[in-house]
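Asks: Sharing a structure below in C-alpha cells format, with a few things to ask.
The values are calculated or read from the model by the stated rules, or taken from the named source; none is laboratory data. This is a predicted model, so every value here is computed, not measured. All Cβ positions, even for glycine, are placed from backbone atoms using ideal geometry, and neighbour counts span all protein chains on display. Side chains are part of the model used for accessible areas, which takes the heavy atoms of the whole protein and leaves out ligands, DNA and RNA. Shrake-Rupley method; radii C 1.70, N 1.55, O 1.52, S 1.80 Å.
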Amino acid sequence: MNSDTSSPLYQRQQRALWLLRAAGILPIVTVDSIAQARAMAEALLRGGLRSIELTLRTPIALAAMAALKREFPELIVGAGTVLTRDQIAAAEQAGVDFLVTPGVSAGMLLPLAECPLPVVPGAATPSELLSLIEHGFCIAKLFPAAAIGGIAMLKALHGPLPALMLCPTGGINETDAAGYLAQPNVACIGGSWMVPRAWLQAGEWEKVSASAARARAMIDAARALAS
Ligand code: 3PG
C-alpha cells in the first residue's frame, strides 16, 4: 500500500475515494448525442444523483463530457472506458473530474499513476489488484464484478487486501445493488441499470429519474445503516 501520504498519487487516490464515496452509486452512461447527454443529466439530477461515469464508447463522448461540465456545474463527471494515453489527455482536456478504466495494461500503469486527475483503475484478479497497489493505487474498479463472483469475490478479497477500496461494476442491477453497497470494502457501485441505452434512445426520461430516485433511496438507506 502507498504509505507516502504526501505523494501526489496518494493525494489523488484519496480524492478518487472521496468522489466515489460521495456518489455511492455511479450511473454508467453511454450517449449518442449532446442533446441526449443533457436530458440524461437533467433526469439523473431530478432523481437525486449528482455523479456519472460517461463512457468513451461513442464518437460524441468527449464533446458530451465538455458540454456537461460547462452546463451542469453541480454534476460530477468521470470519463469511463479510458484505454489509451491519448484518451487520458483528451478527457483531461474535456474538463472531467476523474477517470475510470475497465482494466490496466502494463503500458498504462505509469500514465495512469502520473495523470493529474483522480483515477479509478480497473482490475479483475488478486494479481491485477496487487500490481495496482504496488504502483501506489488504493482504490480500483472491480470489473466485471458479477461475472467474477460478485459479493462472494468482494468478501474473499477483503481478507488478504483489507485496505483496498473497490467500486464493483458490471452485471449489477437494482435487485442486488444494496447487497454490494453493504460490503466494507465497497466505496461505490457502478452500473448502467439506471440509464439503459434503450431508455436514452427512446427519450424515457421519467424512467431514468424514477430509477435514479430509487438508487438515491438505496444510498441513503445504506448510509443510515452504517452510521
Ligand atoms: C462498465 O462500463 O463498467 C459496464 O459496461 C457497466 O456494466 P453494466 O452495464 O453491466 O452495469
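Asks: Hey, what did the chain get for relative contact order, percent, Cα under 8 Å, at least 6 apart?
Replies: 25
Asks: While we're looking at this one, here's another question. Could you tell me how many cubic angstrom of Cα convex hull volume the range 98-148 has per residue?
Replies: So the per-residue hull volume is 67 Å³.
Asks: What Rg and what Dmax come out for the range 46-196 when only alpha-carbon atoms are used, in angstroms?
Replies: Calculated on Cα positions, Rg and Dmax stand at 15.2, 43 Å.
Asks: Here's a follow-up. Along the positive direction of the dipole of the chain (beta-carbon charges: Lys, Arg +1; Asp, Glu -1; about the Cα centre), which of ALA217, GLY122, ILE172 reaches farthest?
Replies: Result: ALA217.
Asks: Identify, among GLN87, SER105, ALA146, the residue whose Cα sits farthest towards the positive end of the charge dipole of the chain, taking +1 on the Cβ of Lys and Arg and -1 on the Cβ of Asp and Glu, with the dipole about the Cα centre.
Replies: Value: ALA146.
Asks: Over the chain, with a Gaussian network built from C-alpha contacts below 10 Å, which listed residue (PRO126, PRO73, PRO111) shows the highest mean-square fluctuation?
Replies: PRO73
Asks: Among ALA64, ALA35, ALA146, which one shows the biggest mean-square fluctuation in a GNM of the chain, springs joining Cα atoms closer than 10 Å?
Replies: Ranking ALA64, ALA35, ALA146 by mean-square fluctuation puts ALA35 first.
Asks: Give me the accessible area per residue for the chain, probe 1.4 Å, as a whole number in Å².
Replies: 42
Asks: Hey, another quick one. Regarding the range 128-205, what's the average projected area of the Cα-atom convex hull, expressed in nm²?
Replies: Projected over every direction and averaged, the Cα hull of the range 128-205 covers 5.9 nm².
Asks: May I ask for the Rg/Rh ratio of the range 1-100, computed from Cα atoms with Rh as the Kirkwood radius, given to two decimals?
Replies: Rounded to two decimals, Rg over Rh is 0.99.
Asks: Given the protein chains as shown and a 1.4 Å probe, how many square angstrom of ILE34 are accessible, to the nearest 10?
Replies: Spelled out: ILE34, probe radius 1.4 Å, area about 50 Å².
Asks: A further question on this structure: Using only helices, what value at 222 nm comes out for the chain when you add -39,500 (n - 2.57) per DSSP H run of length 4 or more and divide by the total residues, to the nearest 500 deg cm²/dmol?
Replies: -15000 deg cm²/dmol
Asks: Just to verify a number: what accessible area does SER211 come out at with the full protein assembly present, 1.4 Å probe, Å² rounded to tens?
Replies: Approximately 0 Å² of SER211 is accessible to the 1.4 Å probe.
Asks: How large, in percent, is the carbon and sulfur part of the accessible surface of the chain at a probe radius of 1.4 Å?
Replies: Carbon plus sulfur share of accessible area: 58 percent.
Asks: Quick one: ranking SER127, SER192 by accessible area, 1.4 Å probe, largest first, what do you get?
Replies: SER127, SER192
Asks: Starting at the first residue of the range 96-102, write each ³J(HN,Hα) from the Karplus equation 6.51 cos²θ - 1.76 cosθ + 1.60 with θ = phi - 60°, in whole Hz, x for Gly and Pro.
Replies: My calculation for the range 96-102 gives 5, 8, 7, 10, 10, 10, x Hz in order.
Asks: Still on this structure, please answer the following. Under 17 Å between alpha carbons, and skipping anything fewer than 8 positions from LYS141 in its own chain: which lysines qualify?
Replies: Cα-Cα hits under 17 Å: LYS155.
Asks: Let me ask you something else. Span-like helices, the chain: DSSP H, alpha-carbon axial extent 30 Å or more, mean Kyte-Doolittle -1.0 or greater, which ones?
Replies: Those that clear 30 Å and a mean of -1.0 are 205-226.
Asks: Given a 1.4 Å probe and heavy atoms of the protein chains only, how would you sort TYR10, TYR180, largest accessible area at the top?
Replies: Sorted descending by solvent-accessible area, the residues read TYR10, TYR180.
Asks: Let me ask another. Using 0.36 nm per residue of separation minus the Cα-Cα distance, give me the extension gain between GLU204 and ALA224 in nm, one decimal.
Replies: Computed gain between GLU204 and ALA224 is 4.1 nm.
Asks: For the range 185-224, what value does the Rg/Rh ratio take when both radii are computed over Cα atoms and Rh is the Kirkwood radius, given to two decimals?
Replies: 1.06
Asks: With charges set only on the Cβ (+1 for Lys and Arg, -1 for Asp and Glu), what does the dipole of the chain come to about its Cα centre, in debye to the nearest 20?
Replies: Dipole about the Cα centre, nearest 20: 280 debye.
Asks: Whenever you get a sec, line up TRP193, TRP18, TRP199 from highest to lowest accessible area (probe 1.4 Å, protein heavy atoms).
Replies: TRP18, TRP199, TRP193
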